[in-house]
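Have a look at the structure below before the remarks.
The values are calculated or read from the model by the stated rules, or taken from the named source; none is laboratory data. Model, not experiment: these values are computed from the prediction. Here the Cβ is made from the backbone with ideal geometry for all residues, glycine too, and neighbour counts use every protein chain on show.
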Ligand SMILES: Nc1ncnc2c1ncn2[C@@H]1O[C@H](COP(=O)(O)OP(=O)(O)O)[C@@H](O)[C@H]1O
Ligand SMILES: [Mg+2]
């Protein structure tokens, strides 16, 4: 679960937090596209490093490092899978595995890390509130935006409730950590059922409260807040476009010249 | 003679803001009706306390007042109910919401935004109010309920008492004529409850909002009320001025939490000491006792 820890928003004031979620999302998408375009180590390392100033400017180093740690196990799995499968599929009887295989597996791993890195920056520096607002102003139907913000709002409440139910059931002698895999999953049923029942009751009460406050009175809903695109957002958008143009240029004309880094590493 | 009666009734009708006649309601799938022959008249600007043992139909009556019954809960509704000159079954919940605000028991499940002011604005957003007007209205509601400083906090980080004040602000922002509060203090500590009663009392006194407060803690709440309704098993069993209701024998039998000052009055009366009036709170009781004592000495 620590991967998700690294995505949890904390209210801080920084230039990065102030940016429009739409501009940040555009940036994340750009990084995503560039990361998928290349499967050599060098461009991916560059892509990884380019994002560090954002982390520092936002002052979310601690959370960011935690999310990276959380992702490291998955990253290791990705490396092993890529390495072993490709080795047995392509090169098997020859030994040792070729250096290009090494580079390829490392690059795939780094691609994953870059993706986690950029999404983590996005979620760490964007309040769910502003994200919901950005969704609304992107003409996504209000029902979806409302569902999104409400879900974010109730995640901690439900987590707390799950903990309470778990404690109550343990106090009655329920043992969660016993038995084989199937048995352990079955152990969670006495926790899930009260949790679901209470969530349904809660949602009914919510619906009542919404109705009582004129939900659906008009389809020209207004909003207390409005997102305005500021200078920083334009700058981020220009940086993103610049990165994209550069990446496409390199991909088209210089792909073959990108040096392999493995000889450097292995010496 | 008839003329005068007729006239007084029409006058009464214009001053009344809620009128029900033989209201009867059964929840879908329910065997027994939850409201039986409820006929009530509530005046404009009244402060009404609605009380009675749990399960007697108080929440059900509240749901009728803002149209959740019959629009959200189906089931069988008979009789007439008119609120703020609107026949409830003929108007949608959002139309009624401009006139009747409902505050629920559990503060947690009626706040759904990620900041207090956004929550307070929710109803106004739904009505499509322009942003500048909305800003002013939200600030006003926050100030009236004394939570202006909390406006940027997340509702789920607040204490129960603060949350309940946010819930009141949410409803107040829509400037309703009537505010219905269903056991708003049952999740709160006594101090938080006291604060809520003060806020509600202010809304009634300063803004003239008609208040219907469902409450068990009559000691604290009855200070402001001018009308008490006691229900039992879906029926209205007592309906009148606080003193008359609290002093009646049936209130005691039903187990209404009669204010301690009134109980003191009753005990004194049994012992042969007659106070001039029925007190509802300790200050009043003190005054009356002092009067009696000085009179005895003199
Ligand atoms: N949603 C519902 N569906 C079916 N029956 C209900 C529902 N809510 C309340 N009741 C029933 O209606 C009766 C009155 O309940 P309620 O109005 O909640 O009482 P009070 O608020 O005075 O405690 C109770 O017998 C209860 O079981
Ligand atoms: Mg109730």
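In the stretch B:36-76, which residues are away from chain A (no Cβ under 14 Å), within 10 Å of ligand 1 (Cβ to nearest atom) and under 16 Å from residue B:182 (Cα atoms)?
Hits for the stretch B:36-76 are B:50, B:51, B:52, B:53, B:54, B:55, B:56, B:57, B:58, B:61.
Looking only at residues in the stretch B:38-61 that are part of a loop (DSSP other than H, G, I, E, B) and within 14 Å of ligand 2 (Cβ to nearest atom), which one is surrounded by the fewest Cβ atoms within 10 Å (Cβ to Cβ)?
Only one residue fits best here, namely B:54.
Of the conditions (1) at pLDDT below 85; (2) within 14 Å of chain B (Cβ to nearest Cβ), residue A:150 clears all except one; give me its number.
Only one criterion in (1) at pLDDT below 85; (2) within 14 Å of chain B (Cβ to nearest Cβ) is unmet by residue A:150, namely (1).
Taking residue B:74 as the residue in question, decide whether it is without any contact (Cβ under 8 Å) to a residue 60 or more places away in the chain, under 24 Å from residue B:197 (Cα atoms) and not assigned by TED's automatic domain parsing to the domain that holds residue B:161.
When the stated conditions are applied, residue B:74 does not pass them.
It is to be established whether one or more residues within the stretch B:238-247 are surrounded by fewer than 16 Cβ atoms within 10 Å (Cβ to Cβ), out of contact with any helix residue (DSSP H, G or I) (no Cβ under 7 Å at 6 or more places or on another chain), closer than 30 Å to residue B:34 by Cβ and modelled with pLDDT under 85.
Yes, because at least one residue in the stretch B:238-247 is surrounded by fewer than 16 Cβ atoms within 10 Å (Cβ to Cβ), out of contact with any helix residue (DSSP H, G or I) (no Cβ under 7 Å at 6 or more places or on another chain), closer than 30 Å to residue B:34 by Cβ and modelled with pLDDT under 85.
Checking residue B:152 against (1) within 14 Å of chain A (Cβ to nearest Cβ); (2) closer than 28 Å to residue B:83 by Cα, which single condition isn't satisfied?
The failed condition is (2).
Before we move on, is residue B:80 more than 15 Å from ligand 1 (Cβ to nearest atom), more than 17 Å from residue A:213 (Cβ to Cβ) and touching a strand residue (DSSP E or B) at 6+ places or on another chain (Cβ under 6 Å)?
It is true that residue B:80 is more than 15 Å from ligand 1 (Cβ to nearest atom), more than 17 Å from residue A:213 (Cβ to Cβ) and touching a strand residue (DSSP E or B) at 6+ places or on another chain (Cβ under 6 Å).
Collect the residues in the stretch B:203-221 that are buried (at least 22 other Cβ atoms within 10 Å of the Cβ) and either within 16 Å of ligand 2 (Cβ to nearest atom) or more than 26 Å from residue B:141 (Cβ to Cβ) (or both), keeping them in residue-number order.
Answer for the stretch B:203-221, where residues must be buried (at least 22 other Cβ atoms within 10 Å of the Cβ) and either within 16 Å of ligand 2 (Cβ to nearest atom) or more than 26 Å from residue B:141 (Cβ to Cβ) (or both): B:212, B:213, B:214, B:215, B:218, B:221.
So, residue B:117, is that one more than 16 Å from ligand 2 (Cβ to nearest atom) and assigned by TED's automatic domain parsing to the domain that holds residue B:32 or not?
no
What number of residues in the stretch B:62-82 are away from ligand 2 (no atom under 16 Å from the Cβ) and under 20 Å from residue B:27 (Cβ atoms)?
11
Please pick out the residue among B:234, B:208 that is at positive phi, outside the structural domain of residue B:141 (by TED's automatic domain parsing) and touching a strand residue (DSSP E or B) at 6+ places or on another chain (Cβ under 9 Å).
Testing whether each residue is at positive phi, outside the structural domain of residue B:141 (by TED's automatic domain parsing) and touching a strand residue (DSSP E or B) at 6+ places or on another chain (Cβ under 9 Å) leaves just B:234.
Yes or no, residue by residue, for (1) at pLDDT 90 or above; (2) surrounded by 15 or more Cβ atoms within 10 Å (Cβ to Cβ):
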residue	(1), (2)
A:14	no, no
A:20	yes, yes
A:45	yes, yes
A:52	yes, no
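Among the candidates B:166, B:199, which residue alone is more than 17 Å from residue B:42 (Cα to Cα), modelled with pLDDT under 95, away from ligand 1 (no atom under 16 Å from the Cβ) and not in a strand (DSSP E or B)?
After ruling out the rest, the residue left standing is B:199.
Have a look at A:28, A:60 and point out the one that is within 29 Å of residue A:248 (Cβ to Cβ) and under 22 Å from the mean Cα position of the chain (by Cα).
A:28
Yes/no matrix, rows are residues, columns are (1) at pLDDT below 80; (2) under 22 Å from residue B:230 (Cα atoms):
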position	(1), (2)
B:264	no, yes
B:270	no, no
B:273	no, no
B:280	yes, yes
B:283	no, no
B:287	no, no
B:290	no, no
B:293	no, no
B:296	yes, no
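Among the residues of the stretch A:185-203, write down those that are surrounded by 11 or more Cβ atoms within 10 Å (Cβ to Cβ) and within 14 Å of another protein chain (Cβ to nearest Cβ).
A:198, A:199, A:201, A:202, A:203
If you scan the stretch B:169-189, which residues turn out to be assigned to a loop (DSSP other than H, G, I, E, B), touching a helix residue (DSSP H, G or I) at 6+ places or on another chain (Cβ under 6 Å), away from ligand 1 (no atom under 16 Å from the Cβ) and under 18 Å from residue B:47 (Cβ atoms)?
Matches in the stretch B:169-189: none.
Of all residues in the stretch B:273-293, which are touching a residue at least 40 places away in the same chain (Cβ under 8 Å) and buried (at least 18 other Cβ atoms within 10 Å of the Cβ)?
Passing the criteria: only B:280.
Tell me, please, whether a residue that is under 20 Å from residue B:181 (Cβ atoms), in a strand (DSSP E or B), within 16 Å of ligand 2 (Cβ to nearest atom) and under 18 Å from the mean Cα position of the chain (by Cα) can be found in the stretch B:19-34.
Scanning the stretch B:19-34, I find no residue that is under 20 Å from residue B:181 (Cβ atoms), in a strand (DSSP E or B), within 16 Å of ligand 2 (Cβ to nearest atom) and under 18 Å from the mean Cα position of the chain (by Cα), so the answer is no.
Give the residue, chosen from A:103, A:117, that is modelled with pLDDT under 90 and part of a helix (DSSP H, G or I).
Being modelled with pLDDT under 90 and part of a helix (DSSP H, G or I) holds for just one of A:103, A:117, which is A:103.
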